[in-house]
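These notes concern the structure reproduced below.
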Amino acid sequence: MKFRFVISLILLTLITPPANAAIKVVASKPAIINVSPIGSGDQISDVAVNSAGVAIVGTVENGMTNLISTTPLGGSDGFISFVDNLKNRTWDLRLGTPSDDIATAIARDKSGNFWVVGSTSKPLEPLISPSLDPTVLNLDNVLVDPVTNPSSELLRLVAWKVSASGQLLGTYFYDAAGVIAPTQISVSTSGFKVIGSLLNEGETNQFQIDLDSAGVFTNLAEGKPKVSKAPAIATIKAGTNNLKSFISKTTIIGIPSWRAKKPTPVLVKYTKNGKALAANSFSGKVLKVMWQSGVGAVVLVDQKGEFELHILTNMG
């Protein structure tokens with residue numbers, strides 16, 4: 001009987017689920033990087049997510065071949081490119097005019113459309129054509145060409161509405177009093193709120209403006225630039241779990257094997273009870289973290305001025 005008891009105990013041990021393997025901090029590798037000539041001005045600026053993948057926006061001049069396949073519009077162009085859950089590009093679209101354009105921020109509305117904001121230069125407008133003195137006979141029928149305004153400064157705020165499948169649904173403008181550069185667009189009760197900087201007469205202020213679902217800009221307000229301090233730990237809801245984004249300087253709760261040799265950005269997935277489930281570290285400054293069921297964590301990282309996009313399926 002004792003022998004049978006020992007055998008039963010051994011079998012029970014074999015079929016008992018093993019304890020969870022120790023969680024380690026894995027160095028994240030970017031899924032998307034800026035593939036462009038050095039000094040080109042090409043830039044990834046912002047991202048948005050849905051259940052199918054990640055929408056990436058930015059500005060392109062002569063590179064970004066891994067994200068952009070469409071024909072240039074002229075000068076610099078804004079762009080939006082969509083990457084699916086397998087990290088494959090499914091569609092892309094240039095945004096802009098024959099002049100210079102930039103795209104800097106993106107948000108998704110309740111209908112699933114993407115709204116991209118940026119800046120563009122005003123179209124060249126012919127000025128009053130010089131006229132010949134009517135008292136002088138024009139025997140040679142000399143024609144005087146109208147003078148045009150050659151300004152290429154980004155004086156116009158622009159919003160592009162793009163469907164989830166990549167069709168441009170609308171383009172909307174707001175003429176500013178100076179050089180304007182939006183940095184953020186977020187959903188509000190009336191549509192969207194756009195925030196950025198406005199350079200006018202040598203002074204840079206922060207601006208805020210409303211944008212409704214019809215593409216109408218209203219309620220422009222200016223103020224002194226606000227310096228906001230990022231929280232020491234940012235928490236992102238991830239289904240029934242939480243993601244914690246912070247700078248690790250020594251150890252991490254729930255991961256005893258980790259000890260940072262220098263301050264290192266990390267993203268850790270915890271249960272609501274505080275149990276660590278997965279962890280990644282980054283080389284560079286973490287700018288934005290988003291989470292989407294079926295995709296995982298999407299992290300935008302500034303690596304010495306070049307933006308990288310990390311897609312972490314282990315954070316799903």
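Restricting attention to region 92-119, the residues that are among the hydroxyl-bearing types (Ser, Thr, Tyr), more than 14 Å from Glu61 (Cα to Cα) and in contact with a strand residue (DSSP E or B) (Cβ under 7 Å, 6 or more places away or on another chain) add up to 2. Considering (1) within 18 Å of Ala234 (Cα to Cα); (2) open to solvent by less than 20 Å² (accessible area, probe 1.4 Å), the lone condition that Val295 does not fulfil carries the number (1). Within region 63-92, being of a type outside the set (Val, Ile, Thr) and over 26 Å from Lys29 (Cα atoms) holds for Pro72, Leu73, Gly74, Gly75, Ser76, Asp77. Regarding region 276-283, can at least one residue be identified that is surrounded by 19 or more Cβ atoms within 10 Å (Cβ to Cβ), touching a helix residue (DSSP H, G or I) at 6+ places or on another chain (Cβ under 8 Å) and under 21 Å from Trp258 (Cβ atoms)? Looking through region 276-283, at least one residue is surrounded by 19 or more Cβ atoms within 10 Å (Cβ to Cβ), touching a helix residue (DSSP H, G or I) at 6+ places or on another chain (Cβ under 8 Å) and under 21 Å from Trp258 (Cβ atoms). Are any of the residues in region 259-271 modelled with pLDDT under 95, surrounded by fewer than 21 Cβ atoms within 10 Å (Cβ to Cβ), more than 21 Å from the chain's Cα centre (by Cα) and polar (S, T, N, Q)? No; the residues of region 259-271 include none that is modelled with pLDDT under 95, surrounded by fewer than 21 Cβ atoms within 10 Å (Cβ to Cβ), more than 21 Å from the chain's Cα centre (by Cα) and polar (S, T, N, Q).
With the structure loaded, tell me whether Leu211 is open to solvent by less than 40 Å² (accessible area, probe 1.4 Å), in contact with a strand residue (DSSP E or B) (Cβ under 6 Å, 6 or more places away or on another chain) and touching a residue at least 60 places away in the same chain (Cβ under 8 Å) or whether it fails that test. Here the answer is yes, as Leu211 does meet what is asked. Would it be correct to say that Leu312 is on the phi < 0 side of the Ramachandran plot and open to solvent by 20 Å² or more (accessible area, probe 1.4 Å)? Judged against the criteria, Leu312 is not a match. When region 209-244 is filtered for residues that are within 22 Å of Ser283 (Cβ to Cβ) and touching a Ser or Thr at 6+ places or on another chain (Cβ under 8 Å), the ones remaining, listed by number, are Ile233, Ala234, Ile236, Leu243, Lys244. Just need a number here: residues in region 112-126 that are at pLDDT 95 or above and open to solvent by 10 Å² or more (accessible area, probe 1.4 Å). Total meeting the criteria: 2. For region 174-190, the set of residues classified as surrounded by 15 or more Cβ atoms within 10 Å (Cβ to Cβ), within 24 Å of Arg108 (Cα to Cα) and without any contact (Cβ under 8 Å) to a residue 60 or more places away in the chain consists of Tyr174 only. Residue under question is Pro256, and the condition is that it be open to solvent by 70 Å² or more (accessible area, probe 1.4 Å) and modelled with pLDDT under 95; does it hold? In short, yes. The set of residues in region 214-232 being more than 20 Å from Ala177 (Cα to Cα) and at pLDDT 95 or above consists of Ala214 alone.
The values are calculated or read from the model by the stated rules, or taken from the named source; none is laboratory data. This one's a predicted model, so the numbers in the text were calculated from it and none came from an experiment. Cβ sites come from the backbone with ideal geometry, for glycine too, and all protein chains shown count toward neighbours. Side chains are part of the model used for accessible areas, which takes the heavy atoms of the whole protein and leaves out ligands, DNA and RNA. Shrake-Rupley method; radii C 1.70, N 1.55, O 1.52, S 1.80 Å.
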